[in-house]
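The values are calculated or read from the model by the stated rules, or taken from the named source; none is laboratory data. Keep in mind the model is a prediction, meaning the values are calculated, not measured. In this analysis, Cβ positions are derived from the backbone assuming ideal geometry, glycine residues included, and neighbour counts consider all displayed protein chains. Only protein heavy atoms, including side chains, enter the accessible area calculation; ligands, DNA and RNA are left aside. Shrake-Rupley method; radii C 1.70, N 1.55, O 1.52, S 1.80 Å.
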Amino acid sequence: MAEKFDAIVVGAGPAGNAAAYTLAKGGLKVLQLERGEYPGSKNVQGAILYSDALERIIANFRDDAPLERHLIEQRVWILDDESYVGTTYRSAQFNQPPYNRYTIIRAHFDKWFSSRVQQAGALVICETTVNELLLDGKRVVGVRTDRQGGDIYADVVILADGVNSLLARKAGFHPEIKSKDVALAVKEIHFLPQETIESRFNIGEDEGVVIEMAGKISQGMMGTGFLYTNKESITLGIGCMLSDFKCQRTTPYALLEKMKAHPAIRPLIEGGEMKEYAAHLIPEGGYDAVPPIYGEGWLIAGDAGMFVNGLHREGSNLAMTTGQTAARTVLDLAAAGKPFSAKNLARYRERLDDSFVMKDLKKYRRAPEIFHDNSQFFTTYPELLNRAAHTLIRVDGVDKKTKEREIRRNFVARRSAWGLIGDAFKMWRAFE
Amino acid sequence: MSATTVKVEEKLYQNRYRVDAGRSHVSIRDPELCASRCQTRQCTVCCPAGCYTLEGNGRVVLITDGCLECGTCRIVCDEHRNLDWEYPRGGFGILFKFG
């Protein structure tokens, strides 16, 4: 008879780690399986850590978690080919501990999180790919791994196996992901001396800057770019909806190269040494793309459940919160001596519906569709805005009233008066 | 800079891999289908590691050594579903140093 656990968690990303940690702290016999050489070796994120979600799991995480820089400044850039217009928010309040957001390097961070999971008492086994779920009728009773004699049984299985969610898909719990529901992001990490980063971004030791970018860098696709400062490195990348990538002829790496060559971006990474190139899918389908997330003996947490708020660039916090919530649901049932039936596990979904996770996804449920069908937000408007800024700022003997008229004429010529009103309405609907 | 001058190999060269020699985790089910019936062959454009190359005769050649395990190819091949796609065996494939 194979060994049996109270719970198996598949995957050692933020969702899996939050789940395994919570279950082990709750006294269950937990097995966590990770296919990478070490936790984090298969995981990719920008990456920004939102303290709140982690604090609710490990209150003292700041004591020893590998954090890069706390963020004190947020820039948003709307780019055309040569310029950008943007906003900057920088606040001394973000320089007051406890800090709200940090840049992190996921391979380092996930390793740390996993060490906490192991301290909490979970058994973590790496270099083990789960190939499929073991089913008894409709009930999940364990997992089949790629190890010799690799069947392992448990009363409940939490699937935190990432965006591709292969296990639930193979078991028929949900259909294949649609290309309109995921973004493909590529990124690089460039190493620079710490002092260079601090002088280039006007920041002190441990202080960090985020730049979020939209506009012509995505070449008409629905997408955004980013640049984050780490301690001794800069990560930058760009992600666009896969359905848009499908319809054009630009490779993701060509898109990234073009972004890096932008006159506003190139000087920021000048002289850096590129040490890794990564790609990842981000589930951005939103509320309506969330698959069934529980059933007989199983729960889904993190990216596998499409828990990403694309508009606000939030994902790892939703992953940790869903992982923790899944684990709490399991613990409550275990304490009450109730079976892990679909009926009982439905409580997981109810809890998420009551939390920021589903509330936020619901708030922006229309956004993916609106941005999908209106590429002018990524092409025409960035161009118009940049041209308007140029017209206004350039001093050339033309009076301001004439300049304003020219700007207005440009907007109307490109989008028409009704088009402008319609676009404003669409924007409002997307964020409403 | 044109799209064709970007060499993805130079990027992948920075990455760490443990290649599972002789055991490709992704394979094309019916190569004939790519050559004859697939009009777009978007795998050759969308794959961020450039694992799919289009030969002159219309055939698509897949070499998974540089695979970043993102899943893009599986999802863009939605018309013909012509890929067998699994994760590599435990411990093999891309090993992100930073992620």
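Tabulated data
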item: Listed peptides A:209-216, A:376-383 by packing density, highest first (mean Cβ within 10 Å); result: A:209-216, A:376-383
item: Rounded tilt (10° steps) of A:380-393 against the dominant C-alpha axis of chain A; result: 40 degrees
item: Apportionment of accessible area to carbon and sulfur, the protein assembly as shown, percent (1.4 Å); result: 50 percent
item: Cβ-defined net charge surrounding A:PHE340, 12 Å radius [Lys, Arg +1; Asp, Glu -1]; result: 0
item: Relative contact order of chain A, defined on C-alpha pairs under 8 angstrom at six or more residues apart (%); result: 20 percent
item: Cβ neighbours within 10 Å from other chains - mean over B:45-52; result: 6
item: FRET efficiency for A:GLU82 and A:SER375, using Cβ-Cβ distance with R0 set to 22 Å, rounded to 0.05; result: 0.65
item: Per residue value of the accessible surface for chain B (all protein chains in place, 1.4 Å probe), Å²; result: 50 Å²
item: Charge tally in the Cβ shell below 10 Å around B:SER36, where Lys, Arg are +1 and Asp, Glu are -1, B:SER36 excluded; result: 0
item: Efficiency of FRET from Cβ geometry, A:ALA261 and A:ALA342, R₀ 41 Å, rounded to 0.05; result: 0.20
item: Calculated diffusion of the stretch A:180-283, Stokes-Einstein form, Kirkwood radius summed over Cα pairs, 25 °C and 0.890 mPa s, µm²/s; result: 174 µm²/s
item: Whole-Å distance, taken between Cα centres, linking the stretch A:82-123 and the stretch A:182-203; result: 14 Å
item: The stretch A:22-131: C-alpha gyration tensor shape, a/c 1.5 cut-off, then a/b vs b/c; result: oblate
item: 3J(HN,Hα) from dihedral phi, the stretch A:129-141, Karplus parametrisation 6.51/-1.76/1.60, rounded to Hz, x for glycine, proline; result: 8, 7, 8, 7, 8, 8, 10, 10, x, 9, 8, 7, 10
item: Global form of the stretch A:388-428, assessed from the alpha-carbon gyration tensor, a/c cut-off 1.5; result: prolate
item: Against the rule of thumb 2.2 N^0.38 Å, how large the Cα Rg of the stretch A:260-419 comes out; result: 1.59
item: FRET efficiency for A:GLN194 and B:VAL19, using Cβ-Cβ distance with R0 set to 41 Å, rounded to 0.05; result: 0.75
item: Selected from A:PRO14, A:PRO39, A:PRO66 as most flexible by GNM, with chain A as the system and alpha-carbon contacts under 10 Å; result: A:PRO66
item: Selection from A:VAL130, A:VAL117, A:GLY142 lying farthest towards where the dipole of the stretch A:103-149 points positive, charges on Cβ; result: A:VAL117
item: Amide H partners (placed H, <5 Å) of A:GLY142, local residues excluded; result: A:LEU134, A:ALA154
item: Principal semi-axes in Å for the stretch A:130-176 [√(5λ), Cα gyration tensor, largest first]; result: 17, 13, 9
item: Å² of accessible area per residue within chain A, as computed with a 1.4 Å probe and no ligands counted; result: 41 Å²
item: Cβ-based charge dipole, chain A, positive-most Cα from A:LEU71, A:PHE245, A:GLN376; result: A:GLN376
item: Charge dipole magnitude, Cβ of K and R +1, D and E -1 - the stretch A:369-431, Cα centre, debye nearest 20; result: 260 debye
item: Heavy-atom accessible surface that B and A bury in contact, both chains counted, 1.4 Å, Å² to 100; result: 4100 Å²
item: Chain-alone versus full-assembly comparison, the stretch A:24-55, residues with accessible loss of at least 30 Å² (1.4 Å probe); result: A:ARG35, A:GLU37, A:TYR38, A:SER41, A:LYS42
item: Pair A:MET274, A:ASP396: separation of 7 Å Cα→Cβ label points (nm); result: 3.6 nm
item: Average beta carbon contacts from partner chains per residue of A:238-250, 10 Å cutoff; result: 3
item: Accessible area (Å², 1.4 Å probe, nearest 10) - A:ARG365; result: 100 Å²
item: Which of A:ILE48, A:ALA417, A:GLY310, positive extreme of dipole for chain A (C-beta unit charges); result: A:ALA417
item: Prolate/oblate/rounded label for chain B (Cα gyration tensor, a/c 1.5); result: oblate
item: Equivalent ellipsoid dimensions for the protein assembly as shown as semi-axes, Å, which come from the Cα gyration tensor, largest first; result: 39, 27, 23
item: Net charge, A:LYS170 excluded, C-beta distance under 11 Å - Lys, Arg +1, Asp, Glu -1; result: -2
item: Dipole magnitude of the stretch A:70-127, debye to nearest 20 (Cβ charges: Lys/Arg +1, Asp/Glu -1, about Cα centre); result: 420 debye
item: Of A:SER243, A:SER416, A:SER114, the one that fluctuates the most in a GNM where chain A has Cα springs shorter than 10 Å; result: A:SER416
item: Residues in the stretch A:253-292 occluded by at least 30 Å² - accessible area, probe radius 1.4 Å, against chain by itself; result: A:TYR253, A:ALA254, A:GLU257, A:MET274, A:LYS275, A:GLU276, A:TYR277, A:ALA279, A:LEU281
item: Computed helical MRE - 222 nm, the protein assembly as shown, DSSP H runs ≥ 4 contributing -39500 (n - 2.57), nearest 500; result: -9000 deg cm²/dmol
item: Dipole magnitude of the protein assembly as shown, debye to nearest 20 (Cβ charges: Lys/Arg +1, Asp/Glu -1, about Cα centre); result: 1060 debye
item: Top of A:ARG415, A:ARG116, A:ARG366 by mean-square fluctuation, Gaussian network on chain A, Cα under 10 Å; result: A:ARG415
